[in-house]
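Okay, so here's the structure we're looking at.
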Ligand SMILES: Cc1cc2nc3c(=O)[nH]c(=O)nc-3n(C[C@H](O)[C@H](O)[C@H](O)COP(=O)(O)OP(=O)(O)OC[C@H]3O[C@@H](n4cnc5c(N)ncnc54)[C@H](O)[C@@H]3O)c2cc1C
């Protein structure tokens, strides 16, 4: 494989870099959210960046032009995403642009595409994903929220949990059981639900980094018009797997992780280096080994992302490859956060309120935020099972 850009890719990269240098305001650059994939798209100020992208036609790089996307080729998207990550640009309305919109393009009817896609592109309509339930996470197909047909509507009862952004969403992509008497995967349907409908209540959940990012959502006889069924009745599982494929194929950027690691190496240097004046201390030596390991690992993550892009550009669909990428990059993000905390020593525990905190408290915050990365979008155990069965051909137990 030739890792260099073709001349077309190189000139596109230059175009994206020049655009970012000129248009991305310094105060909109996000140090961590854009890299770590947690809390992405949740800063209301991201919308300023969305408007700038809209003028350039780059809000949705992967969407076809007929739906208002940029219609970029796979390799153009790859270059674009690398440069966005390097520049720490926000990813506004990420869930809707990255997961929900592409699912609507695949499974929605003409009226639904007409109704929803433009609101996603303009940032006026904010979406959340109502899949997980208290007893159904990894085994999502066991979900119990019920939707029962009644006249022109379905009536929804049940509960969702861990719903990112539900507290400020206009619509939810919801999975509910429409037939309880068939095998579990075959009785689920997908709906687009107006979050202001009577009977919906949203209760906040604060995560261990003290952020209110996700929520519990309760449905008490909520009426959803039949026109808001997405895809066919009882075939919602296939709509959901489309969304999950988009979710796994790379929210954490390997290039972003490399940039973050460089920053950590620089910021923690005063805590482990004696500047070489009297040779290296033991602490300095082990710190260098630890950083070298993490740098090698970020290069491996970058190679995995090249592999996925190269498959996609040949029209192949990455499946266990996307699971490897998700597994490796989310666990690596946690190792990088641990390396940061380790190398900063006691200072690594200081939050943003302390003037002595390295990177203005980001190390401590990153350490806590990263715990969720190996759970969101499918846990590491589930990704390992995909790799074992579909990649290595191991038998099911
Ligand atoms: C930051 C964050 C954001 C999220 N946002 C959303 C959202 O917007 N919408 C949404 O619907 N959900 C969201 N989720 C929920 C997420 O999809 C679930 O947490 C995830 O699927 C795991 O489900 P669970 O929490 O019920 O854990 P469980 O499925 O109960 O798993 C508990 C433990 O058991 C292990 N385990 C379970 N089954 C197996 C198995 N078969 N083999 C081996 N080990 C197993 C798991 O790996 C895990 O360690 C979010 C989660 C996080 C952390």
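The values are calculated or read from the model by the stated rules, or taken from the named source; none is laboratory data. The shown structure was predicted, so the numbers you read here are calculated from the model rather than taken from an experiment. So basically every Cβ, Gly included, is an ideal-geometry build from the backbone, and we count neighbours across all protein chains shown.
Remarks
- For segment 93-125, filtered to residues that are over 26 Å from residue 376 (Cα atoms) and in contact (Cβ under 8 Å) with a residue 12 or more places away in the chain, the residue that is nearest to the chain's Cα centre (by Cα) is 122.
- Annotation note: Cβ proximity below 6 Å between a residue of segment 126-154 that is more than 20 Å from residue 103 (Cα to Cα) and modelled with pLDDT of 95 or more and a residue that is more than 10 Å from the ligand (Cβ to nearest atom) and part of a loop (DSSP other than H, G, I, E, B) (sequence gap 6+ or interchain) occurs for 147/178.
- Restricting segment 367-397 to residues that are assigned to a helix (DSSP H, G or I) and away from the ligand (no atom under 14 Å from the Cβ), the residue that is surrounded by the most Cβ atoms within 10 Å (Cβ to Cβ): 367
- Looking across segment 105-158, the residues that are in a strand (DSSP E or B) and more than 9 Å from the ligand (Cβ to nearest atom) come down to 127, 146, 147, 148, 149, 150, 153, 154, 155, 156, 157, 158.
- Criterion (farther than 19 Å from residue 77 by Cα, modelled with pLDDT under 95, touching a helix residue (DSSP H, G or I) at 6+ places or on another chain (Cβ under 8 Å) and surrounded by 13 or more Cβ atoms within 10 Å (Cβ to Cβ)) met by exactly one of 322, 333, 309, 254: 333
- Test result for residue 259, under 22 Å from the mean Cα position of the chain (by Cα) and modelled with pLDDT under 90: yes
- When the residues of segment 277-292 are filtered to those that are surrounded by 12 or more Cβ atoms within 10 Å (Cβ to Cβ) and part of a helix (DSSP H, G or I), the one that is modelled with the lowest pLDDT is 283.
- Residue check, residue 214 more than 20 Å from the chain's Cα centre (by Cα), surrounded by 21 or more Cβ atoms within 10 Å (Cβ to Cβ) and closer than 19 Å to residue 133 by Cβ: no
- Residue 163 passes every criterion in (1) away from the ligand (no atom under 13 Å from the Cβ); (2) under 24 Å from residue 323 (Cα atoms); (3) part of a loop (DSSP other than H, G, I, E, B) apart from (1).
- Any chance residue 82 is away from the ligand (no atom under 16 Å from the Cβ), surrounded by fewer than 20 Cβ atoms within 10 Å (Cβ to Cβ) and within 16 Å of the chain's Cα centre (by Cα): yes
- Between 356, 347, 342, the distinction of being outside any helix (DSSP H, G or I) and touching a helix residue (DSSP H, G or I) at 6+ places or on another chain (Cβ under 8 Å) belongs to 356 only.
- When segment 166-218 is filtered for residues that are free of Cβ contacts under 8 Å to residues at least 60 places away in the same chain, within 12 Å of the ligand (Cβ to nearest atom) and not in a strand (DSSP E or B), the ones remaining, listed by number, are 166, 167, 169.
Residues are listed down the side, and each one gets a yes or a no for (1) touching a strand residue (DSSP E or B) at 6+ places or on another chain (Cβ under 7 Å); (2) over 18 Å from residue 108 (Cβ atoms); (3) surrounded by fewer than 21 Cβ atoms within 10 Å (Cβ to Cβ):
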{"position": "168", "(1), (2), (3)": "no, yes, yes"}
{"position": "185", "(1), (2), (3)": "no, yes, yes"}
{"position": "189", "(1), (2), (3)": "yes, no, no"}
{"position": "193", "(1), (2), (3)": "yes, no, no"}
{"position": "197", "(1), (2), (3)": "yes, yes, yes"}
